[in-house]
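Beneath this line is the structure, given in structure tokens, with notes to follow.
No lab work stands behind these numbers, since they all come straight from the coordinates. In this text the structure is predicted, and so the values were computed from the model without any measurement. Reconstructed Cβ throughout: ideal geometry from the backbone, glycine too, with neighbour counts over all protein chains shown.
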Amino acid sequence: MTIKARLTLMFTMLVGSIMALFCLAIYFFYDQYREKRFYSFLNERAQTIAQLVEASNGISRADVEKIEKENKTILLNEEITIYDGSDSVIYRSGAENLNISKVSLADARGGKEIRTKYHDKEVIVTRHILQDHRKPWIVVIIASDNLGINQLNRLREILLIGWLLSLVLVSVAGWQFANDAIKPVADIIDQVNNISAGNLHEKVKVGREKDELALLAETFNQMLTRLEIAFVAQKNFVSHASHELRTPLALIMSEAELSLMKERSPREYQDALKGIWAEAGEMNELVNRLLELARTDENAFKVSFSKVRIDEVLWQAKTSTEQKNPGYHVNVSYEKIPDDEEQLKRFGDESLLRTAFGNLMDNACKYSDDKTVNVSLETGNDQIRIYFRDSGVGIAPTELPYIFDTFYRSDATITKAGYGIGLALTKRIINMQGAAIEVSSALGSGTTFTITFPPF
């Protein structure tokens, strides 16, 4: 069942139920009113006949019956029975013999008006106070309220027909209401169907105010923006990676092709193999960097965090950097080291942190004339800060916003060996640990990278 049909059905059932309860209430209260009015009329009728019988010493019993019959225009099948003070029947009209118990007669004589039903007729038992203060009489009157019942039946028919007709109108109105409510959703569906990878810049529009559907469209547009950024990043990544991989592959193929063009000496073959080996090493380094970058994708790899000492990871990164590059110098200094070693611990991945620290040390040494980086660690306010300072050429202010982009190389570093992956990888790793990385630099005065670890 579609949402439109479900909304129409629910709307019709809800409004139909409310109207049905309303019609039932009208019928019930009108029936109560009819019954109360009829009993009141029976009471007046009983008192009138009782007064006539009381005064029948001047009026014959036949005259009483004649008067009583002439007033049956409203009451059909009326029968009246009057009991005197000794519970003897002194007057009866009709052949219906309704037995009234002594208890009921006593209750009525005590002032209680008894209302009941006999078959399809209403019955009222009431007392009549005599003018000479004798013991009160009891008047029992039975009658059918045919006029009131007919009116009640007619009202029931009107309410039933009106309710059925209203259901039809409510269904039509519900369908229009559901169609109007679902129309923005249908518009969104049509717009979304026209969006593909080639036109992610297009946005979903809703021609209404800030309702829930407008918020849904806005949320979807935000998702499209993120997807567009991801697609562009992926496209650039593939383009740059292909370019970087194509260069060493082309060199390897050309070196091998030149070696195979003619017979060469063992020495020349060795030189060719050394060249191929060097290019393969470069390509292997690039592939390893790409794998490390992929590993930091939080949605593709689940990192197992544990408590690690930041200062120990820092020393491990220093040792590794100096071992790989004997000409590099990494100076690590501690300031304000706390006595409690727990303050130096954070949740993180030791291997990834070592890679991030190593990248910063390697870059600082690579782009400094003295091949030296000064690393300092500080603690305070439950935070850990690590500064990586070099005395290199610096980074231009216009290039600072892009240094963490994958494969980005500044004009000052384009001549240096590298792939533009290290800083992008470092930023991802630091952000995964819940930390932050900042950079400050000026041309000719070096660069400082600051990593800040928040409290647990």
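Annotations for the structure displayed:
- Nearest-0.05 FRET efficiency for V185 and T225, computed from C-beta distance (R0 25 Å): 0.70
- Leading residue at positive end of dipole, the stretch 79-230 (Cβ point charges), from N194, A217, Q176: Q176
- Sorting 26-34, 392-400 by their mean Cβ neighbour count within 10 Å, with the most densely packed peptide first, gives 392-400, 26-34.
- Each Lys or Arg adds one and each Asp or Glu takes one away; over the other residues whose Cβ falls under 14 Å from the Cβ of S259, this sums to -2.
- Among 441-451, 81-91, sorting by the average number of other beta carbon atoms lying within 10 angstrom of each residue, highest first, gives 441-451, 81-91.
- Links that overshoot a 32 Å alpha carbon limit, given the list K203/K427; K262/K366; K307/K427: K262/K366
- Net lengthening on full extension, H119/V89 (0.36 nm per residue, minus Cα-Cα): 8.6 nm
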